[in-house]
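First comes the structure, then the notes that go with it.
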Amino acid sequence: MMNSLRNLVIVGGGTSGWMTAAALAKFLHPQQYQITLVESDAIGTVGVGEATVPHIRYFNEVLGIDENEFMKKTNATYKLGIEFSNWGKLGDAYIHPFGVYGQSRNDISFHHYWLKLQQLGDAGSISDYSVGVVAAAAEKFAYPASDPRSLFSKYSYAFHIDASLYAGFLRDYSIARGVKRIEGKIDQVNQHPDSGSIQSVQLASGEILAGDLFIDCSGFRGLLINETLKTGFEDWSHWLPCDRAIAVPSAKTREPLPYTKAIARAAGWQWRIPLQSRTGNGQVYSSKYISDDEVANSLLTNLDGEPLANLNYLRFKTGRRVKCWNKNCVAIGLSSGFLEPLESTSIYLIQVAIMKLVEFFPYADMEAANTDEFNRDMANEYERIRDFLILHYHATARDDSAFWNYCRTMEIPQSLAYKMDLFREQGHVERYKRGMFLEPSWVAVYMGQGIFPKTYHPLVNAQEPAQLQQQLHAMRDTIIAGVRAMPGHAESIKRYCHGDTSEKSWPPAAMSLYGVFS
């Protein structure tokens, strides 16, 4: 059956626009569809989202993009996780890794065994049982092992990238596959007089672009989804009170770390993202509790290198559109909602919206069942990430500022309160198949910020204490030895981006180190 929906118009470029264009160019037959992207060089993009999560590797893979070429073109470094400093208490720090802790046994999660070990008097950290954390702290990087029995297959990685370079990389990819780019500023949006659906957009030049499906990648403005279709917005700023950010790049002063830094400040937090040639910096904050000038001074004072540009001031409101798909318009990226960059979720939300659009791609008529399911799935994604971000602010003992007093004592969503109670009682983490942050991520933040269960799973007691201690200590020593065999992060970048790209395997010695629970 021939699809009568032919003309797709993407409004806006940047990361969201060109990721969308690239994916549609890959998945849709060029003889059946015309994909047009309209953007204006006069309208800037946010362009500060430089940290990613492992899902981007899948996105690049399905597009057929070579990882080493991607890293070269985007000035990328590897990312094993995020270090959070001063969140639970001043002076505290922990790393949220991409990967599991230890190895589960008999369907009982590893952290229950670790809790038993703590009760036996072991003073070690659960982070000692994460390859990702140990490697990040040692400034090492190697690709995960291919053998599923190995502890060194149990972690993942993402990238720190220059988002503007990534958008340019995907623009070239898309245009080479038939996407038409039009430079211009949209002056008017025309709607169908009966249905209210979008018929066309008119440029300042007078050119009119008609379309069957419009994809709004116009950023915070939401030209189509918000200004034209008046789609509602759920405001979550009472739970995520930061509403501004200041960003600035700085000069490279050392070899890049294989992790992002998120340093809590008096009324928000500061990010530090290491690229190959520079460092991305910024501070997210609540204007209710601190002034722009105070934040600017704090940010510049805490740079680890000379600033390379003027400060970039951003304003935002956390929340999401009531519908990401309304009539014949799909909002992707900042136009669909915004969750602050605390866990590097912005590019992930772009990616998941694109993949769901492909999954529910319509015929000429926008079927309600399809659009409703798309909206339900996106609402789940946003709300589960929202709860995870709120946890970072709420799970704190800090009382040194009005901002942290508010975060510590605020009323939280019932969905998050339920999750926290479940963990406090017996270490259970609510499980779901769809959603970005799974059990190890919740465990990392809970324990990293001082929330521990009252007890562990009773089936752990089936194992003799002495045997448990021996096994876990052997596991910890295995990880230490394996990480010691890894190349340094800078060495891996040099090898795979600028040297021999033919082999991505572990050193043979590390491949033979297996977990003691297997």
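The values are calculated or read from the model by the stated rules, or taken from the named source; none is laboratory data. Just so we're clear, the structure is a prediction, and the values are computed from it rather than from any experiment. So basically every Cβ, Gly included, is an ideal-geometry build from the backbone, and we count neighbours across all protein chains shown.
See the values below:
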item: Matching residues, segment 319-356, being crowded, with 22+ Cβ neighbours inside 10 Å, small (Gly, Ala, Ser) and either over 15 Å from the mean Cα position of the chain (by Cα) or in the same structural domain as Trp271 (by TED's automatic domain parsing) (or both); result: Ala331, Ser335, Ser336
item: Leading residue by the ranking (surrounded by the most Cβ atoms within 10 Å (Cβ to Cβ)) among those in segment 249-290 that are of a type in the set (A, V, I, L, M) and within 15 Å of Ile161 (Cα to Cα); result: Ile273
item: Any hit, segment 473-491, residues being of a type outside the set (Ser, Thr, Tyr), under 23 Å from the mean Cα position of the chain (by Cα), part of a helix (DSSP H, G or I) and within 15 Å of Arg384 (Cβ to Cβ); result: no
item: Pick from segment 276-304, criterion polar (S, T, N, Q) and free of Cβ contacts under 8 Å to residues at least 24 places away in the same chain, ranking: farthest from Ala93 (Cα to Cα); result: Ser291
item: Cβ pairs under 6 Å, 6+ apart, first in segment 7-22 and farther than 14 Å from Phe169 by Cβ, second polar (S, T, N, Q); result: Asn7/Gln34; Val9/Thr36; Ile10/Thr20; Val11/Ser218; Gly12/Ser218
item: Condition met for Asp387 (surrounded by fewer than 20 Cβ atoms within 10 Å (Cβ to Cβ) and not hydroxyl-bearing (Ser, Thr, Tyr)); result: no
item: Single unsatisfied condition, Asp293 versus (1) assigned by TED's automatic domain parsing to the domain that holds Ala267; (2) assigned to a helix (DSSP H, G or I); (3) under 24 Å from Arg408 (Cα atoms); result: (3)
item: Given (1) in contact with a Ser or Thr (Cβ under 7 Å, 6 or more places away or on another chain); (2) at pLDDT 95 or above; (3) surrounded by fewer than 18 Cβ atoms within 10 Å (Cβ to Cβ); (4) not small (Gly, Ala, Ser), index of the condition His160 fails; result: (3)
item: Members of segment 84-99 found to be touching a helix residue (DSSP H, G or I) at 6+ places or on another chain (Cβ under 9 Å) and either modelled with pLDDT under 95 or of a type in the set (D, E, K, R) (or both), listed by number; result: Asp92, Gly99
item: Residues of segment 305-318 classified as more than 24 Å from the chain's Cα centre (by Cα) and assigned to a loop (DSSP other than H, G, I, E, B), total; result: 5
item: Any chance Ile273 is touching a residue at least 40 places away in the same chain (Cβ under 8 Å), in a strand (DSSP E or B), in contact with a His (Cβ under 6 Å, 6 or more places away or on another chain) and within 22 Å of Phe338 (Cα to Cα); result: yes
item: Strands (runs of 3 or more DSSP E) fully within segment 187-248 counting 1 or more residues that are of a type in the set (Asp, Glu); result: 213-216, 233-235
item: Pair list, Cβ < 7 Å and 6+ apart or interchain, from segment 466-486 residues that are closer than 16 Å to Lys116 by Cα to residues that are part of a helix (DSSP H, G or I) and among the hydroxyl-bearing types (Ser, Thr, Tyr); result: Leu468/Tyr113; Leu472/Tyr113; Met475/Tyr129; Arg476/Tyr129
item: Complete set of residues in segment 403-430 that are touching a helix residue (DSSP H, G or I) at 6+ places or on another chain (Cβ under 8 Å) and under 18 Å from Tyr113 (Cβ atoms); result: Phe423, Gly427, His428, Val429
item: Enumeration of residues in segment 426-443 that are at pLDDT 90 or above and small (Gly, Ala, Ser); result: Gly427, Ser441
item: Hey, Thr501 modelled with pLDDT under 95 and of a type in the set (Val, Ile, Thr) or not; result: yes
